[in-house]
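This report refers to the structure that appears directly beneath it.
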Amino acid sequence: MDETVVKQGLLYLQQQQTFGKKWRRFWGILYRESTCATTRLELFEGSGPPPAEKSKKAENTKRLIKLSDCVHVAEANGDASNPKETSPFFLETMDKCYLLAAESAEAADWILKLCELAFPRNRNAWKTAVGKEGLNPKTCSLSMEENSLYSTAHKGPPKIRCTFRGG
């Protein structure tokens, strides 16, 4: 297989529990689209990469997020509940909104890589948002524009576009 790993590392995923919310550790692997697979983020339970041999246990603990379904990526407001020395960010798909966190030094890079792969048509727009200091996720987010299907002011076929919202 000719799969290209774009980024990998430790991520935290906030999950709803019976008595509140809890952050769980996952090893995240971000893959670029290939001839045999779609662009995706795979999350494996634990603090390190999954074992090389495919086991049924590893398959059961894996979560798959298809980036073709992604509609929004942005930094979230940090609060006392996120793990120490991490920065949280949202990854919203058509079905679900994920609250993830990465080490503070890595969070902006995770957001940038997710935006690159989820919104490839906006490549020029988000590249201009990356200055000498890097991406400023507080003033930059990428998302799918609201669908004009239900708008009465719009004439013609509906258009869905990925747009860049910069500050």
Quiz prompt | Residues within the range 22-39 that are charged (D, E, K, R) and closer than 15 Å to Leu11 by Cα, tallied | solution = 3
Exercise. Give me a count of the residues in the range 8-48 that are among the charged types (D, E, K, R), in contact with a helix residue (DSSP H, G or I) (Cβ under 7 Å, 6 or more places away or on another chain) and closer than 16 Å to Leu91 by Cα.
Key: 1
Quiz item: For the range 95-106, which residues satisfy the criterion of being farther than 15 Å from Leu41 by Cα and touching a strand residue (DSSP E or B) at 6+ places or on another chain (Cβ under 7 Å)?
Solution: Glu103, Ser104, Glu106
Self-check item: From the options Gln15, Gln8, residue that is under 18 Å from the mean Cα position of the chain (by Cα), in a strand (DSSP E or B) and over 15 Å from Trp110 (Cβ atoms)
Solution: Gln15
Self-check item: Matching residues, the range 1-23, being at pLDDT 95 or above and basic (Lys, Arg)
Solution: Lys7
Self-check item: Pick from the range 66-99, criterion hydrophobic (A, V, I, L, M, F, W, C) and assigned to a loop (DSSP other than H, G, I, E, B), ranking: modelled with the lowest pLDDT
Solution: Ala80
Practice problem: Count, please, the residues in the range 100-144 that happen to be within 14 Å of Val71 (Cα to Cα), at pLDDT 55 or above and surrounded by 15 or more Cβ atoms within 10 Å (Cβ to Cβ). | Solution: 8
Exercise. Pairs only if they're at least six apart or on different chains, beta carbon under 8 angstrom, first in the range 77-98 and without any contact (Cβ under 8 Å) to a residue 40 or more places away in the chain and farther than 16 Å from Gln16 by Cα, second part of a strand (DSSP E or B) and among the basic types (Lys, Arg); list them, first residue then second.
Key: Thr93/Lys66
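The values are calculated or read from the model by the stated rules, or taken from the named source; none is laboratory data. Bear in mind the structure is a predicted one, so any value in this text is a computation, not a measurement. Backbone-built Cβ (ideal geometry, glycine too); neighbour counts: all protein chains shown.
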